[in-house]
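Trainee: Would you mind keeping the following structure in view while I ask a few things?
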Amino acid sequence: MARVVVDVMLKPEILDPQGQAVQRALPRLGFDGISDVRQGKRFELEVDGPVDEAALARIHDLAESFLANTVIEDFTVRVEEVAEAVK
Amino acid sequence: MTARIGVVTFPGSLDDRDTQRAIRLAGAEPVALWHKDKDLKQVDAVVLCGGFSYGDYLRAGAIARFSPVMEPLIEQAKAGLPVLGICNGFQILTEAHLLPGTMLRNNHLHFICRDQKLRVENAETAWTTDYTAGQEIHIPLKNIDGQYVADEHTLDELEAEGRVAFRYVDFNPNGSQRDIAGVTNAAGNVVGLMPHPEHAVEPLIGSGRTDGLPFFTSILKKLVNA
């Protein structure tokens, strides 16, 4: 079994008011030296069967049509190996 | 016989009853549609109303856009069926790619609930013929994801083709690009906006204005005269 991780981030040119609000809170909490924060989404998809090229292509389509809105967001798809659960 | 106008209820829709009421006040017959319906009950037009369909999970409108009722709706909208999207309905229409752009969280991150002044920029769509171009109206606005964004090329195209249907006046309440409150598709049958015309149809409630009623009389006239 494998896990595919889809990261979705607002495009660089899109304003991220939530990220800005987080960034502005940092000095209050004593964290200095962080000039920018962008907030995104991470999806972990547990895939049955092998993650071959065809499976990745389907996940890419899923990310493009559903998980991300490509008007405002970019996404990346990557495979993350998961250790088999102890039976 | 009068026109039959469908109002879709998704899980999390809030304004379906108000929208049905507005349609009735305008003289048309509201028809309740359910998100699981696979056909549109032969309605003459559809309104996607406001609320938080599917809890706004993932993105506002992103899950509603894939519900069964949207399949015939998207197909028929492309063929000319008049569709109005209000607030969450507008978000669903952009997620379905029936209208360009999308909505982001308000730039100040606060939920807004206020009477908002708008200018009707396009009085030739299926939903705006009872206004005059340039007319200023007051319509309630209530949302947190109301900031309209699209890329510069799309915005220029919308402006050039007169497809910015409504603009915020005096005050941009949410950071929307070019003060855009609502847009139309090229054919003028699909219109979406963030403010709520269905909340401004009776003198008794809200600001006491009925500035939203012409949305519903416009479509009725178009359908009855068709």
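Trainee: Taking the condition surrounded by fewer than 23 Cβ atoms within 10 Å (Cβ to Cβ), among the hydroxyl-bearing types (Ser, Thr, Tyr), within 14 Å of chain A (Cβ to nearest Cβ) and farther than 23 Å from residue B:17 by Cα, does residue B:154 pass?
Mentor: Values: surrounded by fewer than 23 Cβ atoms within 10 Å (Cβ to Cβ): yes; among the hydroxyl-bearing types (Ser, Thr, Tyr): yes; within 14 Å of chain A (Cβ to nearest Cβ): yes; farther than 23 Å from residue B:17 by Cα: yes.
Judged against the criteria, residue B:154 is a match.
Trainee: Does residue B:166 satisfy the condition of being part of a helix (DSSP H, G or I) and among the aromatic types (Phe, Trp, Tyr)? Please lay out each step first, then the result.
Mentor: Numbers: part of a helix (DSSP H, G or I): no; among the aromatic types (Phe, Trp, Tyr): yes.
No, not satisfied.
Trainee: While we're on this one: Could you count how many residues in the stretch B:50-87 are away from chain A (no Cβ under 14 Å) and on the phi > 0 side of the Ramachandran plot? Let's see the steps before the verdict.
Mentor: Start the filter on the stretch B:50-87 by keeping residues that are away from chain A (no Cβ under 14 Å), which leaves B:50-53, B:55, B:68-69, B:71-73, B:75-87.
Narrowing the set further to residues that are on the phi > 0 side of the Ramachandran plot leaves B:51, B:55, B:80, B:87.
Total meeting the criteria: 4.
Trainee: Being more than 14 Å from every other protein chain (Cβ to nearest Cβ), outside any helix (DSSP H, G or I) and out of contact with any Phe, Trp or Tyr (no Cβ under 9 Å at 6 or more places or on another chain) narrows it down to one residue among B:195, B:203; which is it? Don't jump to the end; show me each part of the working.
Mentor: On the way: B:195 fails: out of contact with any Phe, Trp or Tyr (no Cβ under 9 Å at 6 or more places or on another chain).
Selected residue: B:203, the only one of B:195, B:203 that is more than 14 Å from every other protein chain (Cβ to nearest Cβ), outside any helix (DSSP H, G or I) and out of contact with any Phe, Trp or Tyr (no Cβ under 9 Å at 6 or more places or on another chain).
Trainee: Testing residue B:103 on (1) assigned to a loop (DSSP other than H, G, I, E, B); (2) within 11 Å of another protein chain (Cβ to nearest Cβ); (3) in contact (Cβ under 8 Å) with a residue 24 or more places away in the chain, one condition comes back false. Which one is that?
Mentor: It fails just one condition, (1).
Residue by residue, here is whether (1) in contact with a Phe, Trp or Tyr (Cβ under 7 Å, 6 or more places away or on another chain); (2) within 14 Å of chain B (Cβ to nearest Cβ); (3) not charged (D, E, K, R) holds:
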residue: A:43; (1), (2), (3): no, yes, yes
residue: A:48; (1), (2), (3): no, no, no
residue: A:62; (1), (2), (3): no, yes, yes
residue: A:74; (1), (2), (3): no, yes, no
residue: A:78; (1), (2), (3): no, no, no
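Trainee: OK, next. Filter the stretch A:21-39 for residues that are surrounded by 10 or more Cβ atoms within 10 Å (Cβ to Cβ) and either over 30 Å from residue A:60 (Cβ atoms) or facing another protein chain (nearest Cβ under 9 Å) (or both) and give the result. Break it down stepwise before answering.
Mentor: Our first condition is that a residue be surrounded by 10 or more Cβ atoms within 10 Å (Cβ to Cβ); within the stretch A:21-39, this holds for A:21-27, A:31, A:34, A:37-39.
Result: A:21, A:23, A:24, A:25, A:26, A:27, A:31, A:34.
Read-outs: derived from the displayed coordinates by stated rules, not from any lab. Remember, predicted model here, so these are calculated numbers, not experimental data. With ideal geometry, Cβ positions are generated from the backbone for all residues, glycine too; neighbour counts draw on all protein chains shown.
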